[in-house]
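Structure first, then comments.
The values are calculated or read from the model by the stated rules, or taken from the named source; none is laboratory data. What you see is a predicted model, and the numbers here were worked out from it, not measured in a lab. Note that we place each Cβ from the backbone using ideal geometry, even for glycine, and neighbour counts take in every protein chain shown. Each accessible area value is taken on the protein alone, full model and side chains, heavy atoms only, with ligands, DNA and RNA left out. Shrake-Rupley method; radii C 1.70, N 1.55, O 1.52, S 1.80 Å.
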Amino acid sequence: SSDMSNNERSEHRQKRQRTVEDSNNHSDFWELVSRWIRSNGGCIHPALELSVLPVNFDVEGDGQNDTPEHERYIQLNRAVTKGTLLMKIPIEALISLKTVERATTGSLGSMLFQIVSSIDDDKLFHSKDDLLIALYLATVSCNIGLFGDDVPAGKDDGDSYEGTKMYLSTLPHNASYDGLPRRWSDEKIERLLKGSSVFKKVHKQKSGFISDYNLLKEGYEKHKCASCKNDKGNLAVEFASIVRFDEMLSAVGSRAFDELGEENIDAMVPLLDLMNHKRGVGQTSDIMYVKGHDGSINVTATNDMAAGQIPGITYGAKGNAQLLVNYGFCLENNYEPDFSSNNVLEFEVNGHSVELRSGPKSYSYGCFVKALELYRPLRDSDGCDRKNDKTDSKEEQSFGGVEDFLDACEEEEGENEEGGAGFDFFNDAGHDGDDDDDDDGKDSDLKALDAFALALTEIKCEYSLSGSLLHDALTSSLPHSNERFCGHLVRSELETVDFYLRAIDLIQQRLSLQSISPSSAKEILDAQLSIFSGGEEDAKLRLGLALQLRDAFCSIRYPLKTKE
């Protein structure tokens, strides 16, 4: 099978051709692209300039500098006010399936469409749209001398690669994609990601990429033979190397924008994709982008920004697992202002996918009860049905009441902002109730909670990056190293695990009619402080959210008992 080593990627970086002036001359690159955009009806605000930051890529994942490169980003050279139009990217500059369709020189577009469409969907790992755009970019890049740019962009014949070549010149060096885990060695994946929710996914991505490339290459060879037999005279292009295809597929996967192209298809947008993701605690997007009536992309400032600021955009509420797998980085504090986590812990239970997310009850309750059901035995040990009619009815009530509960959450959120019931941690006490009611349902819940807690505890023990290794990854490695990012991922997943373990423990205490003594409360808080990095207030807040989840579960499962 085809594969790449780090040495092969390093050699490719040294050989890579640039389609404008050498990338080290960054001012020429910026001026050339800006001029081309303006000549096609777009605009670039004079406050925007290209800045270059030397970056040392950690290819080996050992926290050490390996490959010195330059990271390009857009910076303000003067202050701008909210509402300022910063960029207008013309439709001619976008790269999408329409671009491939218009690539008529040597029937390149039709050839690529035929190659990709000839492969059955169920044999491919990536989407055909992504593969087609990546294959197009890689083919033009590998055959740059075959495609002239003497035909102005946007003409009816569409036979111009000027826009494509210009876009290729804006892309970063191949090494910048080495943060994508599917590019790592098996040893590195094992060392940094074993036990995490992305471990199996990364291996599937890695093998899926190789399989897709081989299928595309096989399709190219078949198409080439058929063209020779039919004497169609198609342009004799070199099939893209696996290194170049990997580079372009990485670019498509990490830089494409949803529905910004013609007819609302996905598109690559030059310069806009130089802006980095801003999300999480204390972070807001600095710009907004919308598609104009003429298909151009209008980029506007959403805040007043000072000179020297680096504008950022948001990729959406994406968790660290998704950010690492698709973009090659993670965020240290990936939380929203209401302290709901964007991070999702995903694992399987008996073939069913479980997704857990910590935060207020409106985020945590639904996934908690769905996961709990998967740990409920179908029958008790004596072979009888696990629930009688009354308990079954309660279970239906608990799920049927979820929507009503979620609808009421927004009205109730204010109760907990200033020491409400969910945050009354140190004064919490058990509820007295009638133990003769619902014993079967309670026993079933306790057994399921035990099984759920055991599974979460086992998950904690599976991480290869743990203990001192995790501490070193978070403190000793380079700030933008693969090791540091994996440390953020693992810690975010461990925080989610501990959040639900705490909630389970609190629910078990409530169902067992136990109260929380001041001494045990202090022990719980001390345990939380040893897990989370945000200090005592952060730990108290997380405990308050776990208490919210406990109260929500008990009030829905045992409404009469809770109200007494």
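Brief remarks follow.
- Any hit, the stretch 141-152, residues being farther than 22 Å from GLY41 by Cα, under 31 Å from the mean Cα position of the chain (by Cα) and part of a helix (DSSP H, G or I): yes
- The test for being surrounded by fewer than 19 Cβ atoms within 10 Å (Cβ to Cβ) and in contact (Cβ under 8 Å) with a residue 12 or more places away in the chain does not hold for LYS200.
- Leading residue by the ranking (farthest from MET166 (Cα to Cα)) among those in the stretch 264-283 that are modelled with pLDDT of 80 or more and β-branched (Val, Ile, Thr): ILE265
- Test: residue in the stretch 264-281 that is out of contact with any strand residue (DSSP E or B) (no Cβ under 9 Å at 6 or more places or on another chain), assigned to a loop (DSSP other than H, G, I, E, B), open to solvent by 70 Å² or more (accessible area, probe 1.4 Å) and not acidic (Asp, Glu): no
- Residues in the stretch 92-134 that are in contact (Cβ under 8 Å) with a residue 60 or more places away in the chain, of a type outside the set (D, E, K, R) and open to solvent by 50 Å² or more (accessible area, probe 1.4 Å): GLN114, SER118, PHE125.
- Listed by position, the strands (runs of 3 or more DSSP E) enclosed by the stretch 284-385 that each have at least 1 residues that are closer than 25 Å to ILE44 by Cα and either within 17 Å of the chain's Cα centre (by Cα) or among the charged types (D, E, K, R) (or both) are 287-291.
- For the stretch 287-327, residues that are under 17 Å from LEU76 (Cα atoms) and among the acidic types (Asp, Glu) total 1.
- Residues located in the stretch 85-128, provided they are in contact with a Ser or Thr (Cβ under 7 Å, 6 or more places away or on another chain) and outside any helix (DSSP H, G or I): LEU85, LEU86, LYS88, ILE89, PRO90, ILE95, PHE125
- Every pair of residues 6+ apart whose Cβ atoms lie under 7 Å, when the first sits in the stretch 260-279 and is touching a residue at least 24 places away in the same chain (Cβ under 8 Å) while the second is of a type in the set (Gly, Ala, Ser) and assigned to a helix (DSSP H, G or I): PRO270/ALA93
- The criterion of at least 1 residues that are among the aliphatic types (A, V, I, L, M), at pLDDT below 55 and open to solvent by 50 Å² or more (accessible area, probe 1.4 Å) is met, among helices (runs of 4 or more DSSP H) falling completely within the stretch 494-564, by 518-531.
- Taken over the stretch 244-256, the criterion of being open to solvent by 20 Å² or more (accessible area, probe 1.4 Å) and either in contact with a strand residue (DSSP E or B) (Cβ under 8 Å, 6 or more places away or on another chain) or hydrophobic (A, V, I, L, M, F, W, C) (or both) is satisfied by ARG255, ALA256.
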